[in-house]
C-alpha cells in the first residue's frame, strides 16, 4: 500500500500540470448543464427532474474521469515508456495502477462535489440530499467503472487511433444514455445498459429508488449482472496489460 | 545469480535475438554488458526483469520485486521537480520522506552535493539530459534491491555526470549489491574492476575480466578491441 500511495502522490503532482483533466471533469459538465436546461434557472426543477438531470452529469464526470484518466493514461504510459519505468522501479504493476486509479478517484470526487454544490445552489435544491446521493452513488459505481476502463490498454489499436475512437464514441454514447426510450424488454435494456454512461445513470436512479423511493425504470438484476461483467473484465484485463510499448523500444 | 541458455525471438522476426545465452552475474565486480547496436542488450535486460518471457532457458535471479531495472530513458513527467523524485522513491521503498536535500549529503561527493542543491527545486524538463539521468540514477540506487540493472546509464550524458553515475555504480558494488549495466563507453571501464559480458549476434562471445579481455585482443584501445572482436 505504501508504494501505491507513493504513486498516488506522484500522479497528483503530475495532475497539477494537466489542467485539461480539470476542464474535462468539471468545467465542461458545468457549462453543458447550464446550457441544456436554462429554464431550470428561472423555474427550479422538481426533486425527480433534478435528480435525473444531475445523475446524467454525475455519470459523465465519473466515467469521463476514469476513461481518460485511467484507461487512456495507462495506454499512454505503456506506449511512451512510463509504465516500464514505474513498474521496474517499484517491482510490480499493482502499485502503479492503484496509485493512478486513486488519483483519478480523487479528481472525480472533487469535481463531483463542486458540481453538485454549484447546481444545488443555482437550482435551489436540498444540498445535503443531493451531495449524499452523489457520494453514495460515486462509491458504488466507481469500482466497476474502474475495472471496465482497464480494458482500454489491452485493445489492439495504436495510441492515436485508440484515443480518436474513444473520443468519437464518447459523445454519442452520452447522448444515447441520457435520451433513450425506456423499454420493458429485458434484453434491450441489458444492451442499452452495457453503455457505461447508461449503467452509471441507472445506478444513480436505482440508489434514489432504494433510499428515497424514487422511480426506477429498469431491472436491478440487469444492473447487478453488468456490474459483475465489468468487474470480471477488469480483473482479467489487469493481468494482460503489457509493460512494453508496442511501437517504441524503451 | 546467473542466466542459463536463454533464447528469445520477437514474434514477427525470422531470426532469434538471443540464442542460448549464458553468463554469471558476479558479486563484488561491476558486471558490464557490451555489444553492438541491435545485439540484444535491452532485450536481455527485459528478459531478466520479466518484462518479456524467454522462449527457452533459465533465469536464476531474484524475483521482480527484488530487482531494480532502470531503463535507458527513464520517463517521468517533466513538470516534476528533483525533490518530487526523491520523495517518490522514498515512499515506494519504505524509507523516510524528507523535505530537504541535506538528508542525502552523506551519500555524495562535494560537487554532487552542489548539483543536488541546484536540482532539488528544478523541474525535470529544465534539467539537462545528464542532470536528469544523474538524479534519477542517484535516487534509483538508494532503493534497496538484490539486483540492479542499468540500461546505458551514461549514454547521452556529459563527462562530469558520467563520472558521478559510475561512482554510484561502484558504490553499490562496494556495498555488496549485484549490479549489471550496459554501455557503449568502453573507456570509462578503465579504472573499474569490471566483469565483461560481450553479446554479439545473439550469443555471448566473451565473458571475463575487462582488462584480461584487452590483453587477449592485444589492443589497448577498447573501441578497437571491440571492433576486432566483432570482426572475428
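Exactly one condition in (1) buried (at least 18 other Cβ atoms within 10 Å of the Cβ); (2) at pLDDT 85 or above; (3) within 30 Å of residue B:89 (Cβ to Cβ) is false for residue A:89; which is it?
With respect to (1) buried (at least 18 other Cβ atoms within 10 Å of the Cβ); (2) at pLDDT 85 or above; (3) within 30 Å of residue B:89 (Cβ to Cβ), residue A:89 is out only on (2).
How many residues does the range B:27-53 contain that are in contact with a strand residue (DSSP E or B) (Cβ under 7 Å, 6 or more places away or on another chain) and either crowded, with 20+ Cβ neighbours inside 10 Å or in a helix (DSSP H, G or I) (or both)?
Counting residues in the range B:27-53 that are in contact with a strand residue (DSSP E or B) (Cβ under 7 Å, 6 or more places away or on another chain) and either crowded, with 20+ Cβ neighbours inside 10 Å or in a helix (DSSP H, G or I) (or both) gives 16.
Mind listing whichever residues of the range A:98-122 are more than 11 Å from every other protein chain (Cβ to nearest Cβ), more than 16 Å from the chain's Cα centre (by Cα) and either crowded, with 21+ Cβ neighbours inside 10 Å or not in a helix (DSSP H, G or I) (or both)?
Passing the criteria: only A:119.
Find all pairs meeting these conditions: Cβ atoms under 7 angstrom apart; at least six residues apart or on different chains; first residue within the range A:191-215 and within 17 Å of residue A:233 (Cβ to Cβ); second residue assigned to a loop (DSSP other than H, G, I, E, B).
Cβ pairs passing all conditions: A:193/A:218.
Could you run through the range A:16-37 and say how many residues are in contact (Cβ under 8 Å) with a residue 24 or more places away in the chain and within 14 Å of chain B (Cβ to nearest Cβ)?
Going through the range A:16-37 one residue at a time, the tally reaches 1.
Starting from the range B:159-172, take each residue that is farther than 15 Å from residue B:106 by Cα and list its partners that are not in a helix (DSSP H, G or I), counting only C-beta distances under 6 angstrom and pairs at least six apart or across chains.
B:162/B:154; B:165/B:153; B:165/B:154; B:169/B:30; B:169/B:179
Checking residue A:60 against (1) without any contact (Cβ under 8 Å) to a residue 40 or more places away in the chain; (2) surrounded by 23 or more Cβ atoms within 10 Å (Cβ to Cβ); (3) over 14 Å from residue A:149 (Cβ atoms), which single condition isn't satisfied?
(1)
Filter the range A:66-97 down to the residues that are within 14 Å of the chain's Cα centre (by Cα), more than 14 Å from every other protein chain (Cβ to nearest Cβ) and farther than 24 Å from residue A:54 by Cβ and list them by number.
Of everything in the range A:66-97, those that are within 14 Å of the chain's Cα centre (by Cα), more than 14 Å from every other protein chain (Cβ to nearest Cβ) and farther than 24 Å from residue A:54 by Cβ turn out to be A:71, A:72.
Could you check the range B:200-218 and list, in sequence order, the residues that are within 14 Å of residue B:25 (Cβ to Cβ) and in contact (Cβ under 8 Å) with a residue 60 or more places away in the chain?
B:204, B:207
Is it the case that residue B:34 is away from every other protein chain (no Cβ under 11 Å), in contact (Cβ under 8 Å) with a residue 60 or more places away in the chain and within 26 Å of residue B:167 (Cα to Cα)?
Against the criterion (away from every other protein chain (no Cβ under 11 Å), in contact (Cβ under 8 Å) with a residue 60 or more places away in the chain and within 26 Å of residue B:167 (Cα to Cα)), residue B:34 qualifies.
Which residues, counting only those in the range B:13-26, are in contact (Cβ under 8 Å) with a residue 12 or more places away in the chain and in a loop (DSSP other than H, G, I, E, B)?
B:15, B:16, B:17, B:25, B:26
Of all helices (runs of 4 or more DSSP H) completely enclosed by the range B:61-177, which ones contain at least 3 residues that are within 12 Å of another protein chain (Cβ to nearest Cβ) and crowded, with 20+ Cβ neighbours inside 10 Å?
Fully inside the range B:61-177 and qualifying: B:82-92, B:129-142.
Given the conditions (1) surrounded by fewer than 21 Cβ atoms within 10 Å (Cβ to Cβ); (2) within 14 Å of chain B (Cβ to nearest Cβ); (3) assigned to a helix (DSSP H, G or I); (4) out of contact with any strand residue (DSSP E or B) (no Cβ under 9 Å at 6 or more places or on another chain), and given that residue A:13 satisfies all but one, which numbered condition is not satisfied?
(4)
Among the candidates A:63, A:40, A:53, single out the residue that is part of a helix (DSSP H, G or I), more than 14 Å from chain B (Cβ to nearest Cβ), over 16 Å from the mean Cα position of the chain (by Cα) and at pLDDT 90 or above.
A:53
Could you tell me whether any residue of the range B:173-188 is in contact (Cβ under 8 Å) with a residue 40 or more places away in the chain and out of contact with any strand residue (DSSP E or B) (no Cβ under 8 Å at 6 or more places or on another chain)?
Yes, some residue in the range B:173-188 is in contact (Cβ under 8 Å) with a residue 40 or more places away in the chain and out of contact with any strand residue (DSSP E or B) (no Cβ under 8 Å at 6 or more places or on another chain).
Just to be sure I understand the filter: pairs with C-beta atoms under 6 Å, separated by 6 or more residues or on different chains, first member in the range A:77-95 and at positive phi, second member outside any helix (DSSP H, G or I). Which pairs pass?
Listed by first residue and then by second, the contacts come to A:81/A:250; A:81/B:75.
Residues of the range B:186-201 being surrounded by 17 or more Cβ atoms within 10 Å (Cβ to Cβ) and either at pLDDT 90 or above or closer than 28 Å to residue B:16 by Cα (or both), which ones?
If the condition is that a residue be surrounded by 17 or more Cβ atoms within 10 Å (Cβ to Cβ) and either at pLDDT 90 or above or closer than 28 Å to residue B:16 by Cα (or both), then B:186, B:194, B:195, B:196, B:197, B:198, B:199, B:200 are the ones that fit.
The values are calculated or read from the model by the stated rules, or taken from the named source; none is laboratory data. In this text, all values refer to a predicted model and were calculated from it rather than measured experimentally. A quick note on method: Cβ atoms are made from the backbone with ideal geometry, for glycine too, and the neighbour counts reach across all protein chains shown.
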